[in-house]
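Okay, so here's the structure we're looking at.
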Amino acid sequence: MEQIVSLDASNDRTKPVQFWQLYSVLGQDPIVHIVTNFYERVFADEDWFTSVFARVGGIGHHVNTQASMWIDVMGGGPYYHGAEFRLNFHHTHNAIQLMNEKGAKRWSKLMVDTLDDSTQHMTEDPRIRLSINTFLTHFMSKYSQEFAFENRSVFGATNPPINRKINFLKMTTEAIEALTETELSEALGERGVDVSKYNGKAALVNKALMM
């Protein structure tokens, strides 16, 4: 799906901007402005929250590192040195006090306030805010699973889910086995298979391998 794998967003406004395409629309300066706005709020917040960031570095340090990470993920990298390893190390060692429901709730509140105050940096394309919401929702969900806290963060409406086109004939056995039970059921159902006759993922995999 070319419009999905490309780092360049489509000019067709009926097609969503994926968050890894945001840099192609925004460029660097708007991203830095949004991140700066956020950290100005962080460093003006209550001490229990602000102090965790202050121990790592000043506002300039956080703006530089977070903007670099955003630019990377949004399709303009590489700028964030250390990539996933560095990000994991930071959360596990520097920010562990906030990797919980209370910290996530405050972080999310400040970010929503930031986005609401940053419309001038998002162009007039309504897809941009949806894409940023999707980006934040994706990573907050990821962190809630990694650090075992309940994810109550709501950033706003997000992009619709991507429906993969599954063609069993072009897939390896390993790729078919890696599909979820729901994906297998839906793909087989689209091919006219009565999936109610197949109980469990193993049965669905076997049927898919015979297609």
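The values are calculated or read from the model by the stated rules, or taken from the named source; none is laboratory data. Since we're looking at a predicted model, the values are computed, not measured. Note that we place each Cβ from the backbone using ideal geometry, even for glycine, and neighbour counts take in every protein chain shown. Surface accessibility is based on the protein's heavy atoms, side chains included, excluding ligands, DNA and RNA. Shrake-Rupley method; radii C 1.70, N 1.55, O 1.52, S 1.80 Å.
Within the stretch 162-202, the only residue that satisfies the criterion of being more than 30 Å from the chain's Cα centre (by Cα), surrounded by 14 or more Cβ atoms within 10 Å (Cβ to Cβ) and not in a loop (DSSP other than H, G, I, E, B) is 195. Considering the conditions (1) farther than 16 Å from residue 111 by Cα; (2) modelled with pLDDT of 95 or more; (3) open to solvent by 50 Å² or more (accessible area, probe 1.4 Å), residue 15 is excluded by exactly one of them, (2). On the stretch given as the stretch 132-161, residues that are more than 10 Å from the chain's Cα centre (by Cα) and open to solvent by less than 30 Å² (accessible area, probe 1.4 Å) total 6. Pairing each residue of the stretch 129-152 that is touching a residue at least 24 places away in the same chain (Cβ under 8 Å) and more than 24 Å from residue 16 (Cβ to Cβ) with any residue that is open to solvent by 30 Å² or more (accessible area, probe 1.4 Å) and in a helix (DSSP H, G or I), provided the two are 6+ apart or on different chains, yields C-beta distances under 7 Å for 149/101; 150/101; 152/101; 152/105.
Within the bounds of the stretch 109-125, is there any residue that is more than 20 Å from residue 28 (Cα to Cα), open to solvent by less than 30 Å² (accessible area, probe 1.4 Å) and outside any helix (DSSP H, G or I)? No. Pick from the stretch 4-34 the residues that are in a loop (DSSP other than H, G, I, E, B) and aliphatic (A, V, I, L, M): which of them is farthest from residue 114 (Cα to Cα)? Per the stated criteria, the residue is 7. If you go through the stretch 126-151 and keep only what is outside any helix (DSSP H, G or I) and either more than 24 Å from residue 88 (Cβ to Cβ) or of a type in the set (Lys, Arg) (or both), you end up with just 126. Candidates in the stretch 51-83 are the residues that are among the small types (Gly, Ala, Ser) and under 19 Å from residue 135 (Cβ atoms); of these, the one that is modelled with the lowest pLDDT is 83.
Could you go through the stretch 87-99 and let me know if any residue there is open to solvent by less than 40 Å² (accessible area, probe 1.4 Å), under 30 Å from residue 57 (Cβ atoms) and among the small types (Gly, Ala, Ser).
Our first condition is that a residue be open to solvent by less than 40 Å² (accessible area, probe 1.4 Å); within the stretch 87-99, this holds for 87, 91, 95, 98-99.
Of the ones still in play, those that are also under 30 Å from residue 57 (Cβ atoms) are 87, 91, 95, 98-99.
Narrowing the set further to residues that are among the small types (Gly, Ala, Ser) leaves 95.
Yes, that holds for at least one residue.
From the list 5, 35, which one is surrounded by 14 or more Cβ atoms within 10 Å (Cβ to Cβ) and either within 18 Å of the chain's Cα centre (by Cα) or among the hydrophobic types (A, V, I, L, M, F, W, C) (or both)? Criteria check complete, one pass: 35. Considering only the stretch 42-61, I want to know if a residue exists there that is open to solvent by 60 Å² or more (accessible area, probe 1.4 Å) and under 28 Å from residue 25 (Cα atoms). Taking every residue of the stretch 42-61 in turn, at least one turns out to be open to solvent by 60 Å² or more (accessible area, probe 1.4 Å) and under 28 Å from residue 25 (Cα atoms). Residue selection: residue 101 satisfies the criterion of being among the acidic types (Asp, Glu) and within 21 Å of residue 149 (Cα to Cα).
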